[in-house]
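Nothing in this text is a laboratory measurement; each read-out follows from the coordinates by a stated rule. Just so we're clear, the structure is a prediction, and the values are computed from it rather than from any experiment. All Cβ positions, glycine included, derive from the backbone under ideal geometry; neighbour counts span all protein chains shown.
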Amino acid sequence: MVTAWFSLNAYAAAKIARGGTDLRQLPDPGSVGLRFDNVTYDAGLPAWYVAGEPGRPVIVVVHGYGGNRTATVEVGPPLHAAGYGLLFIDLGYVSGAARYGGGQREADEVAAAVRWVGATVGTPAAVLGFSGGAFASLAAVARGARPAALVADSGFLSFRDVVAFRAHVPRLATNLLPVLYPAFSGGGHAVDVARELGSRPFGVPTLVIQGTGDRTVPPAGGRRVGALTGGQLWLLPGVAHTKAFDTDRAAYVARVDEFLRGTAG
């Protein structure tokens with residue numbers, strides 16, 4: 001029993017830390033009809049910037065674990081048509097130069113992208129994160145980042161929740177993961193957003209999007225994210241992981257636009 005417990009946690013820590021590299025460069029925003037600039041944020045990380053209407057918020061778009069910014073460009077055209085600027089970022093681990101940081105390094109990178117918008121564009125920054133990108137964005141706010149608003153699509157609060165869900169074991173069986181994780185990730189830490197936040201209020205308006213047909217992260221986690229953030233929860237019956245946009249693009253953009261207009265301006 002002890003050997004199985006240790007093996008599960010060590011395997012999960014190694015797999016998470018050593019995965020996620022994605023060097024694709026296409027599609028880029030030009031592939032979907034958007035004019036863009038190649039920019040860098042946070043000491044050299046690559047991003048694509050698409051200017052929006054003057055004074056409108058810029059949406060920092062954060063890809064999920066196992067993908068990079070190319071996986072998110074399809075959301076760009078309808079959001080840009082609504083007036084938003086867009087900053088499609090690559091998190092640092094996708095280049096393979098560093099291992100996945102467990103949420104800590106990635107949260108700091110999301111926070112740096114939010115600061116880039118304020119310093120470079122001079123307009124409010126909202127964040128749209130998918131899956132692991134939603135996790136990193138939630139962690140960024142828990143660690144002190146203050147975007148004007150956050151949309152968390154198919155997110156979660158801890159990789160322990162995901163491992164327990166995928167391995168069909170109680171969450172308690174994953175309690176060694178945070179202890180082992182630094183050894184596999186070059187000093188990264190397996191962040192738990194709720195623990196990171198502690199007793200402080202979340203403090204950023206949040207829209208939580210979660211499909212009940214999710215088989216990648218626990219769909220019940222959407223309610224936990226909604227409760228922790230005090231945000232709006234949009235549950236989509238039968239919708240799979242990060243598939244809300246593809247299921248009904250018009251409804252997705254309308255809901256996100258309505259939320260951002262009421263929070264980020």
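Observations on the model:
- Charge sum, other residues only, whose C-beta stays under 15 Å from G30's C-beta, Lys/Arg counted +1 and Asp/Glu -1: 0
- Amide H within-cut-off set for G64, under 5 Å, with H built and near neighbours excluded: F130, G133
- Calculated from backbone phi, Karplus (6.51, -1.76, 1.60) coupling profile of the stretch 84-98 in Hz, x at Gly/Pro: 7, x, 9, 10, 8, 9, 9, 6, x, 6, 5, 6, x, 6, 9
- Taking a quarter of the surface of the Cα convex hull of the stretch 112-242 gives a mean projected area of 8.5 nm².
- The trypsin sites (Lys or Arg not before Pro) of the stretch 181-248 that meet both conditions, a loop assignment by DSSP and at most 12 other Cβ atoms within 10 Å of the site Cβ, are R215.
- Relative to one another, the C-alpha centroids of the stretch 16-47 and the stretch 197-265 are positioned 24 Å apart.
- Overall form of the stretch 40-81: oblate. Here a/c, set by the Cα gyration tensor axes a ≥ b ≥ c, is 1.5 or more, and a/b is not larger than b/c.
- Net charge of Cβ neighbours under 9 Å - reference G85; Lys, Arg +1; Asp, Glu -1: 0
- Long-range HN-HN contacts of G155 with modeled amide H, under 5 Å: S131, I209
- Cβ-based charge dipole, the chain, positive-most Cα from P218, P201, N175: N175
- Shown in residue order for the stretch 11-27 are the 3J(HN,Hα) couplings computed by the Karplus curve 6.51 cos²θ - 1.76 cosθ + 1.60 at θ = phi - 60°: 4, 4, 4, 5, 5, 5, 5, 9, x, x, 5, 8, 9, 4, 10, 10, x Hz (x for Gly and Pro).
- Alpha-carbon geometry of the chain: the Rg and the Dmax are 17.5, 60 Å, given in that order.
- Label point at W5 placed 7 Å out along Cα→Cβ; residues across the stretch 159-197 whose backbone nitrogen lies under 13 Å: 170-177
- Here the label points at D37 and K15, each 7 Å from Cα along the C-beta direction, are separated by 4.2 nm in the simple model.
- Over every Cα atom in the stretch 1-68, the radius of gyration and the widest Cα-Cα span, Dmax, amount to 18.6, 60 Å.
- Dipole orientation for the stretch 2-263: of the candidates P78, G96, W5, W5 has the Cα lying most toward the positive pole (charges on Cβ; Lys, Arg +1; Asp, Glu -1).
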